[in-house]
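Colleague: Mind looking over this structure? Questions follow.
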Amino acid sequence: MEQGLLTVDLGAVVRNWRRLCERHAPGAVAAVVKADGYGLGAVPVAQALHAAGCAHFFVAHPAEGEAVRDAIGPLPMVAVLNGFAPGAHPRLTPVLNSLDDLRAHAGGEGLLHLDTGMSRLGLDASELDALAADPTPMAALRLRYVMTHLACADEASHILNGLQAERFATACARLPTLPRSLANSSGLFLGAQFVSDLARPGCALYGINPIPGQPNPMEAVVRLEVPILQLRDIPAGATVGYGAGWTAARPTRIATVALGYADGWLRAQSGQGFGVLHGQRAPLVGRVSMDLTTYDVTDIPAAQVGETVEVLGPAQDADAVAALAGTIGYEVLTSLGARYTRRYLPA
Ligand SMILES: *Cc1c(COP(=O)(O)O)cnc(C)c1O
């Protein structure tokens, strides 16, 4: 094996989705598969979840939506969060993010997006006032849901969570009645106020912890194993990698593996974390370079060239790697590059 092997457990994705369905009952649960299913493959993920009964999918871009539509047939809703020009994608459902969007898509369908505290996309307070005063633009559309997006759902005690739920409920009460869509992954763990007709989890499906600081209730989905290309014995005092960023304190065996920042192994992880081989942890030493990363395997004498080092898996998940690199598990997964062999374990 010359390149890394990325294993995605579709059974675990489906079990995670079912777990969220139980939590959100009687509301339905969609699947957010934007950014190629958070880097894991939107098409296989959508196919597995569709087979399991998921009937609503969200992507960010219309091209992502077209690929999902091709994969799952005509029936499920495929909603495009960033929207698209009227008539451009008849098989997809646009999220309508402004009053202008509502008017432009007259005669078509869509989801109505209200901004309740994100200040990003969606109708703002003044547009809501205008729509409440004159809901005519709504009558000209087949609106499937009214939705809003939580800004701080991963911080359960944040004051904005309750405020957004209240603003959303108040706004919906001022408009013609529609099914509602509120919670993302973390929102599903905030309580009854956040149950709606359709939750929109993404990260939790892929095994990211939706309740940071507490034990992860989701099943691990991803495993990344990368091959050792070369083993090298260096004396005490020798340095490893760019910038001579690490100095051996003792005679050391270095394993160089086919993994780098071009594969999404963030450079901010230089000198941090570990790989697992023969059931033992080998510390990552030196800088992460574009295509190569180095591990200290001195204490794992059985290590051989051609063997693989597990760098993402049960011992070190995307959240753990993200914490080391000063980011979030979402970014670790969506950064995973195109150079791995991908293996999908069937649902
Ligand atoms: C990305 C996104 C989601 C999913 O969020 P997670 O935190 O991954 O569950 C839901 N709704 C909207 C509008 C999004 O942009």
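The values are calculated or read from the model by the stated rules, or taken from the named source; none is laboratory data. For clarity, every value in this text was computed on a predicted model and none was experimentally measured. Cβ coordinates were reconstructed from backbone atoms using ideal geometry, including for glycine residues, and neighbour counts include every protein chain displayed. Accessible surface is based on the protein model in full, side chains and every heavy atom, while ligands, DNA and RNA are left aside. Shrake-Rupley method; radii C 1.70, N 1.55, O 1.52, S 1.80 Å.
Colleague: Can you find a residue in the range 255-268 that is in a loop (DSSP other than H, G, I, E, B), farther than 30 Å from residue 42 by Cα and at pLDDT 95 or above? Lay out the reasoning, then the answer.
Modeller: Kept after step one, since they are in a loop (DSSP other than H, G, I, E, B), are these residues of the range 255-268: 259-260, 264-266.
If we keep only those that are farther than 30 Å from residue 42 by Cα too, we end up with none.
No, that holds for no residue.
Colleague: Any idea which residue in the range 28-46 is nearest to the ligand (Cβ to nearest atom), counting only those that are within 13 Å of the chain's Cα centre (by Cα) and in a strand (DSSP E or B)?
Modeller: Only one residue fits best here, namely 32.
Colleague: Can you tell me which residue is nearest to the ligand (Cβ to nearest atom) among those in the range 185-218 that are assigned to a loop (DSSP other than H, G, I, E, B), within 23 Å of residue 41 (Cβ to Cβ) and among the hydrophobic types (A, V, I, L, M, F, W, C)?
Modeller: 208
Colleague: Please state which of the following conditions residue 267 fails to meet, knowing it meets all the rest: (1) under 20 Å from residue 332 (Cα atoms); (2) over 32 Å from the mean Cα position of the chain (by Cα).
Modeller: (2)
Colleague: Taking into account only those residues within the range 53-80 that are in contact (Cβ under 8 Å) with a residue 24 or more places away in the chain, part of a loop (DSSP other than H, G, I, E, B) and open to solvent by less than 30 Å² (accessible area, probe 1.4 Å), which is farthest from the ligand (Cβ to nearest atom)?
Modeller: Looking at the filtered set, the residue picked out is 76.
Colleague: I need a count of the residues in the range 318-327 that are within 14 Å of the ligand (Cβ to nearest atom) and surrounded by fewer than 17 Cβ atoms within 10 Å (Cβ to Cβ).
Modeller: So the count comes out to 0.
Colleague: Still on this structure, please answer the following. Among the residues of the range 316-345, which ones are among the acidic types (Asp, Glu), over 18 Å from residue 270 (Cβ atoms) and in contact with a helix residue (DSSP H, G or I) (Cβ under 7 Å, 6 or more places away or on another chain)?
Modeller: 319
Colleague: Would you point out which residue out of 334, 298, 341, 293 is out of contact with any Asp or Glu (no Cβ under 7 Å at 6 or more places or on another chain) and within 16 Å of the ligand (Cβ to nearest atom)? Reasoning before the result, please.
Modeller: Values: 298 fails: within 16 Å of the ligand (Cβ to nearest atom); 341 fails: within 16 Å of the ligand (Cβ to nearest atom); 293 fails: within 16 Å of the ligand (Cβ to nearest atom).
Exactly one of 334, 298, 341, 293 is out of contact with any Asp or Glu (no Cβ under 7 Å at 6 or more places or on another chain) and within 16 Å of the ligand (Cβ to nearest atom), namely 334.
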